[in-house]
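Structure, as structure tokens:
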2 protein chains.
Amino acid sequence: MNKPKFIEISGHGQTKFGELYEYSLEDLIFEATNLALDNAKLTIGEIDTIYIGNMTGGEVSNQSHLGAVFSELYNFKGPVMRIEGACASGALAIHSAMQSLQASNAKTALVVGCEKMTDFESNRIGSLLMQAASQEEREAGLSFPGLYALMTNSYIEKYGLERDDLSKAPYLMHKNALTNQYAQFKKEFTIEQISNSTLIADPLRLLDCSPISDGAAAVVLTARNELNPNKAYLVDIQVSCDNAGLAGRDNQYSIAATQRAAKKIYDRNEVSAGQISVIELHDCFSIAMFMALEDLGFANPGESLSLIDDIISKKSNLTLNPSGGLKACGHPVGATGVKQLIEVAKQIEGTSALSLGLTHNVGGSGGTSVVGLVANKEYFS
Amino acid sequence: MNKPKFIEISGHGQTKFGELYEYSLEDLIFEATNLALDNAKLTIGEIDTIYIGNMTGGEVSNQSHLGAVFSELYNFKGPVMRIEGACASGALAIHSAMQSLQASNAKTALVVGCEKMTDFESNRIGSLLMQAASQEEREAGLSFPGLYALMTNSYIEKYGLERDDLSKAPYLMHKNALTNQYAQFKKEFTIEQISNSTLIADPLRLLDCSPISDGAAAVVLTARNELNPNKAYLVDIQVSCDNAGLAGRDNQYSIAATQRAAKKIYDRNEVSAGQISVIELHDCFSIAMFMALEDLGFANPGESLSLIDDIISKKSNLTLNPSGGLKACGHPVGATGVKQLIEVAKQIEGTSALSLGLTHNVGGSGGTSVVGLVANKEYFS
């Protein structure tokens, strides 16, 4: 087999994101997989290889070895394995699946991102998520809100940002989530409500923080030599890693791993941020949206606020986190990167003019960053 | 880039396996990586991508996100991610690394298999390992010795096997480990000592069981278009999955996932078991060696005992687990599959006649099985 020309996003499906006490981790995998297979008009027997993105299955559900669990659910005898890189596990699973197609080891690959988190109470899940940080940060008693609060303060010190400006990120996300049937929070908040919500880790408040969520998302990727005008294509996906801990990085007001992954995507594929019409970026905390827009090249350093203002006032055409982002759609860790690909694909499928989208999935406080490029048929012609 | 012709095993290194209380998980990764890089005569800057095989880092060391931990250790900014499939995590990481080379996304890949287990006392690590089994098996109070005891009884019922016959597997492994400087147990046992050791899960006794171990192993794989007579090559590596739990499988006296992965290896590469001169197989419990020799095609069903007898009496030339296997070399879960590749490569490097070796790494009670084929230069000519 030759290297395939195009990686088609052939089908996708997801569960609702939220507090899904009636679902087990297996139930989530099963529902998202069935929806993705139905959407792709495929049966499990037509899938060659499977990658599962998940972080906390061992701890929360007492279940590692999700490959074998999947095998049992579907009587699937091919390769299935779990990929983990904290909150970037979903995008890393997509990266692995794409590689199996590029290596011509598979023609059709399934990716399932999944996380069952609400079975633990919030202190316990907070400690568990700190497994994605460095040992020094755990020993210092830091939490992820604490880490992103440090980053927020560093950003404010460098560029300045008012409390109400920070609130614009969750404000926009809660607005976007209103039309997303899968979103955890379909509820609008005013800037004032966000700015006055409970203080969690100064300056971050409750409504700056993405929630603890259950959920799963699945996509089918197929190696193709011909283009379909109704499908979106995964053009490229790049990974960069960095220190697990914030200390020792060049600065704390940007995420260098995102900058590197984005630069690779743009350089290798000869595109620029200005050509991207839709993006799903990793807004785990309000400041993450500001940093990501800059790290991904949509705004100059320190200038993302005006872009966010323009998006809110519809002066900019950039579609930013149509799902509602991690903030309002929810953040079932391993599912997020896969959900991002689904959302971007949905915006691009069936468009007739050149249409480009970006996905951006971060592990920890920036120890892993994965950036993906999605396009319609026109990109290749 | 075109698909590379040959995947060279360019370098390898490992820590001692055992109760390494003075080593953290990071220390293990660091030592094995340094040794593999030195052996390959490469620096970390010459590595394009990294895969880490590990199961229990989150639980035992409170550290997921090993990609970012690796990045911090080596100031490495490329892609690093963790691959998990229970005790087969190491071989799955090799599979992923090979795929990245076959996809021409990398020219040089590093694989690190690692596990830090002895920080937990044995009951706790036993429960933790049951995350690799099915929920029903956990709820039934089963342990891995219990699961393999069920398989042993099923094998005995089907084919018959005396207590002292079962003991021949650990007997041979402890003999082999005497000359392995990295082995956890460099101590011989008589058949009588093994058959009379403490009963763990009837009929399995203490000396039928592989130990709890710390350790790491690393290999460097390089895409080449030319052959080096002093190197071994990873020809192919295949994965098959099956039910996480024993119930529902066709039988409990063989591992179908191993049979499928081995058949793929033989068919795709036009080799047969009879051509293999060295194998490192997954002998987590005595019965696993009997089943694997049959599942991999070295003996007919029910007839592996006579092969083991022939190996012990040197009537057979097959080199079986020269490391001492999981039983005597030790079984730091994520490291095992990588150690197997190292051992087979060492036997094959520098041979002048056609030389073929096999690796065989199992997750859980057979929910994942990974079989790899290693050869010298002659295989390709």
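The values are calculated or read from the model by the stated rules, or taken from the named source; none is laboratory data. For clarity, every value in this text was computed on a predicted model and none was experimentally measured. Reconstructed Cβ throughout: ideal geometry from the backbone, glycine too, with neighbour counts over all protein chains shown. For accessibility, only protein heavy atoms count, side chains too; no ligands or nucleic acids. Shrake-Rupley method; radii C 1.70, N 1.55, O 1.52, S 1.80 Å.
Data for the structure
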read-out: Index of the failed condition, B:Ser365 passing every other in (1) open to solvent by 10 Å² or more (accessible area, probe 1.4 Å); (2) modelled with pLDDT of 95 or more; (3) more than 18 Å from B:Lys264 (Cβ to Cβ); (4) not in a helix (DSSP H, G or I); value: (1)
read-out: Which listed residue is among the aliphatic types (A, V, I, L, M), surrounded by 23 or more Cβ atoms within 10 Å (Cβ to Cβ) and out of contact with any Pro (no Cβ under 6 Å at 6 or more places or on another chain), from B:Leu296, B:Leu318; value: B:Leu296
read-out: Filter result for the condition that a residue is at negative phi, acidic (Asp, Glu) and buried (at least 24 other Cβ atoms within 10 Å of the Cβ), over A:Glu343, A:Glu349, A:Glu303; value: A:Glu343
read-out: Residue match in region A:338-358 (condition: under 24 Å from A:Tyr171 (Cα atoms), out of contact with any Lys or Arg (no Cβ under 8 Å at 6 or more places or on another chain), part of a strand (DSSP E or B) and in contact (Cβ under 8 Å) with a residue 60 or more places away in the chain); value: yes
read-out: One residue from A:Ser100, A:Ser122 being in contact (Cβ under 8 Å) with a residue 40 or more places away in the chain, closer than 27 Å to B:Ile265 by Cβ and out of contact with any Gly (no Cβ under 7 Å at 6 or more places or on another chain); value: A:Ser100
read-out: Test: residue in region B:176-188 that is buried (at least 17 other Cβ atoms within 10 Å of the Cβ), farther than 30 Å from B:Thr49 by Cα and hydroxyl-bearing (Ser, Thr, Tyr); value: no
read-out: Region A:358-381 - residue that is in contact with a Gly (Cβ under 6 Å, 6 or more places away or on another chain) and within 14 Å of chain B (Cβ to nearest Cβ) and, of those, nearest to A:Thr56 (Cα to Cα); value: A:Gly363
read-out: Test result for A:Leu37, surrounded by fewer than 24 Cβ atoms within 10 Å (Cβ to Cβ), more than 14 Å from every other protein chain (Cβ to nearest Cβ), within 24 Å of A:Ser100 (Cα to Cα) and modelled with pLDDT of 95 or more; value: yes
read-out: Single condition A:Val219 does not satisfy, out of (1) surrounded by fewer than 22 Cβ atoms within 10 Å (Cβ to Cβ); (2) touching a His at 6+ places or on another chain (Cβ under 7 Å); value: (1)
read-out: A:Asp208 vs. criteria among the charged types (D, E, K, R) and surrounded by 23 or more Cβ atoms within 10 Å (Cβ to Cβ); value: yes
read-out: Test: residue in region B:320-343 that is over 30 Å from B:Met81 (Cα atoms) and over 20 Å from the mean Cα position of the chain (by Cα); value: no
read-out: For B:Ala86: the one exception among (1) closer than 18 Å to B:Ser210 by Cα; (2) more than 8 Å from every other protein chain (Cβ to nearest Cβ); value: (2)
read-out: Selection from region B:89-108 of residues that are outside any helix (DSSP H, G or I), more than 7 Å from chain A (Cβ to nearest Cβ) and on the phi < 0 side of the Ramachandran plot; value: B:Ala106, B:Lys107, B:Thr108
read-out: Given (1) farther than 27 Å from B:Asn75 by Cβ; (2) surrounded by fewer than 21 Cβ atoms within 10 Å (Cβ to Cβ); (3) not aliphatic (A, V, I, L, M), number of the condition A:Glu280 does not satisfy; value: (2)
read-out: Condition met for A:Ala247 (open to solvent by 30 Å² or more (accessible area, probe 1.4 Å), within 14 Å of another protein chain (Cβ to nearest Cβ) and either of a type in the set (A, V, I, L, M, F, W, C) or closer than 30 Å to A:Ala109 by Cα (or both)); value: yes
read-out: Region B:255-277: number of residues that are open to solvent by 20 Å² or more (accessible area, probe 1.4 Å) and either away from chain A (no Cβ under 12 Å) or in contact (Cβ under 8 Å) with a residue 40 or more places away in the chain (or both); value: 11
read-out: Subset of region A:136-174 [in contact (Cβ under 8 Å) with a residue 24 or more places away in the chain, over 22 Å from the mean Cα position of the chain (by Cα) and within 13 Å of chain B (Cβ to nearest Cβ)]; value: A:Glu136, A:Glu137
read-out: Boolean, A:Glu72 is in contact with a Gly (Cβ under 6 Å, 6 or more places away or on another chain) and among the acidic types (Asp, Glu); value: no
read-out: Scan of region A:106-123 for residues that are open to solvent by 60 Å² or more (accessible area, probe 1.4 Å) and modelled with pLDDT of 95 or more, ordered by number; value: A:Lys107, A:Asp119
read-out: Residues (open to solvent by 10 Å² or more (accessible area, probe 1.4 Å), more than 14 Å from A:Ala109 (Cβ to Cβ) and small (Gly, Ala, Ser)) located in region A:51-99; value: A:Ser61
read-out: Selection from region A:48-74 of residues that are in a loop (DSSP other than H, G, I, E, B) and more than 8 Å from every other protein chain (Cβ to nearest Cβ); value: A:Asp48, A:Asn54
